Structures are given as C-alpha cells and as structure tokens.
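Shown next, in structure tokens, is the structure this report addresses.
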Amino acid sequence: MKSPEFSYLKAQTMADVFSALKTHGDAAQLLAGGQSLLAMLNLRMANPSILIDISGLDSLKGIQQNGNVIRIGALTTHHEIDSSHIVKEHIPLLAQAVPYVAHLAIRNKGTIGGSLALGDPAAEYPAVALALNATLIIQSAKGERRVKASEFFISLYRTAVQADEILIGVEFPIAKPNQRFVFSELARRKGDYAMAGMALALSLEGQTIQDVALAFMAMDDKPILAPRAMKALTGQSINSQTISQAQAALDEDLQPAGDLSANAATKKHLSRVLLSRALIQAGATHV
C-alpha cells in the first residue's frame, strides 16, 4: 500500500514545531527517524494531514551526564546509543537492549524518542524505561514537564504526550555498583517483534535482593511491571526455590492476550523462562 496524502514541514526551530502543532492539533504527526511512522503510513494505520519533520533539531540530540542521571536527547539514534561508552558504563540495561531493536539499517535511523513516544508495548525501550524508573521530558510552548515512565505509558500507542507537546528527552539514573541488569526477549527471528521480553533491574546486599524491578513487554497494551513477582523476590537470595516462587507469582501478574506471534499460554510460559534465565544470570549464587 501507499501512504495517504499529507503536507510536509521541515522544522528549523522548536518554535516552528509548536506553531505547527497549535495550527494543526491532532491532525499533525511528528517525524523523527521515521522507522515506525513510515510503515504505519504505508499500512494506513496513521493518516495525518501534515508531517512535522524534527530531524534537524540538534538541540534534541546527544547523550550527556547531568549529576546522577544520563540525559539522552529524543533524536539520538539507536546506533548512537549502542556506540556510546557513557551508556555502556552507566546504563547497562539500555546497552543490553539496543541490539534487540529491529535490524542494523533501522538502528541507524530510528530514535529513542520515536520509540518511547510511539509506546509500542512490544518495543524494547519502553520496558527499559519502566524497569529503570526513567524520567521522560516533555515540552510545549508553555515550558517543560517531567513524567515518570510508570505514568508515561497509558495504553496501546498512547502516552502522556499531548497534542501540543513533544518528547524532547529521557533521563536514566546512573547504575549503582550493587545493581545487576538483564535484558532478554524471545522472537521467531532476530529483529522481529518479541513474543515475550523482559527487563530486570535488581540491587543485591550480599546475597540478598534488596530492590527489584521486572518490566515485561508484549504482554499487555503497554509495558508492565510484575509486582507480585517483585514482592516474591525482595528480601530473598537467588536460588531454585526463590525462582520457582517468583514464577508462580508471575503467573498472577501477567494476563496476556494472544496475538499473531504466540497465544496467551505460550506468552506466559516464555515469560517464566525469561525470568528464570535472567535471575540465574544476575544471581549471586549458583542455582
């Protein structure tokens, strides 16, 4: 199929963006890397009257450390994140997730802001942002506001970004020495959308789990945490019994609907497998 007709604006400044959003409202669509949007246009899943191309706004690019957080501009590409020593050192969970994002050609053009703003429940970055309690930075003509990842993803392709706003960046907390991170997903072929995926972040005090976040993708209409499994792990050491208890709790956390990639029972089984593998990898003891 071919995309519907639309007008095009190459934004030179943020003022251009806000002016166009004010004029066109919900009929406008922001274009960053275009790796998801162009496909949606061709499938007629999106029908904007105008595309506002923000790819030339250098102020929305780059990776930098600000105190105890790493700020990544919305237009930073997957490849730039994958190549960043700052990300590898300070946001290891994000570094682990990047190679799972589609294919190399897409990683060269696609952006972190585009992925987060789209809010695809099967995408990698939303799950990472949720597991790390990242802060999403949103701007309008009135100024900036900050939204935690737990409140940013609302439902299928719906986020906290309003029609007159733009996601300009995301802040991730710098990893602490006692933290362990694992990202993993299962797909039919490398680069395909995940049948199931998870992002794990936990803190260890000796052999004991102090804090843990389990974020799952491709399980609901948005990335979700697994609070019962997290509770089952907190205060425990990592061993076969603890893993079994966490898996049993996970069955209560996840109520996936089947899709073209896998039915609901398969998704729950794969999630249990991913959880076990991740805990073994992160564990302080042999299981």
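The values are calculated or read from the model by the stated rules, or taken from the named source; none is laboratory data. All of these numbers come straight from a predicted model, not from anything done at the bench. Note: ideal-geometry Cβ built from the backbone for every residue, glycine included; neighbour counts use all protein chains shown.
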Of the listed residues (Ala201, Ala194), the one being aliphatic (A, V, I, L, M), in a loop (DSSP other than H, G, I, E, B) and buried (at least 21 other Cβ atoms within 10 Å of the Cβ) is Ala194
Do the conditions hold for Ala218, that is, is it in contact with a Phe, Trp or Tyr (Cβ under 8 Å, 6 or more places away or on another chain), at pLDDT 95 or above and at positive phi? yes
Tally up the residues in region 20-54 that are within 20 Å of the chain's Cα centre (by Cα), of a type in the set (Gly, Ala, Ser) and part of a loop (DSSP other than H, G, I, E, B), please. 4
Residues within region 262-277 that are in a helix (DSSP H, G or I) and either closer than 19 Å to Leu156 by Cβ or touching a residue at least 60 places away in the same chain (Cβ under 8 Å) (or both), tallied: 9
Would it be correct to say that Val101 is touching a Ser or Thr at 6+ places or on another chain (Cβ under 8 Å) and free of Cβ contacts under 8 Å to residues at least 40 places away in the same chain? yes
Quick one: which of Asp221, Asp259 is over 15 Å from Val182 (Cβ atoms) and in contact (Cβ under 8 Å) with a residue 60 or more places away in the chain? Asp221
Checking Ala218, Ala163, Ala122, Ala149 in turn, the sole residue that is crowded, with 24+ Cβ neighbours inside 10 Å and assigned by TED's automatic domain parsing to the domain that holds Gly73 turns out to be Ala149
I need every pair where a residue in region 61-86 that is within 26 Å of Thr13 (Cα to Cα) and surrounded by 21 or more Cβ atoms within 10 Å (Cβ to Cβ) has its Cβ under 6 Å from the Cβ of a residue that is modelled with pLDDT under 95 and basic (Lys, Arg), sequence separation at least 6 or different chains. His78/Arg107
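Every residue, every condition in (1) at pLDDT 95 or above; (2) in contact with a strand residue (DSSP E or B) (Cβ under 6 Å, 6 or more places away or on another chain); (3) surrounded by fewer than 16 Cβ atoms within 10 Å (Cβ to Cβ); (4) under 17 Å from Ser203 (Cα atoms), yes or no:
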residue	(1), (2), (3), (4)
Leu233	yes, yes, no, yes
Ser244	yes, no, yes, no
Ala249	yes, no, no, no
Gly258	no, no, yes, no
In region 222-253, which residues are assigned to a loop (DSSP other than H, G, I, E, B) and aliphatic (A, V, I, L, M)? Ala226, Ile238
From the set of residues in region 55-90 that are part of a loop (DSSP other than H, G, I, E, B) and of a type in the set (Gly, Ala, Ser), which is nearest to the chain's Cα centre (by Cα)? Ala74
Failed condition for Ile154, given (1) within 24 Å of Met195 (Cα to Cα); (2) part of a loop (DSSP other than H, G, I, E, B); (3) among the β-branched types (Val, Ile, Thr), with all others met? (2)
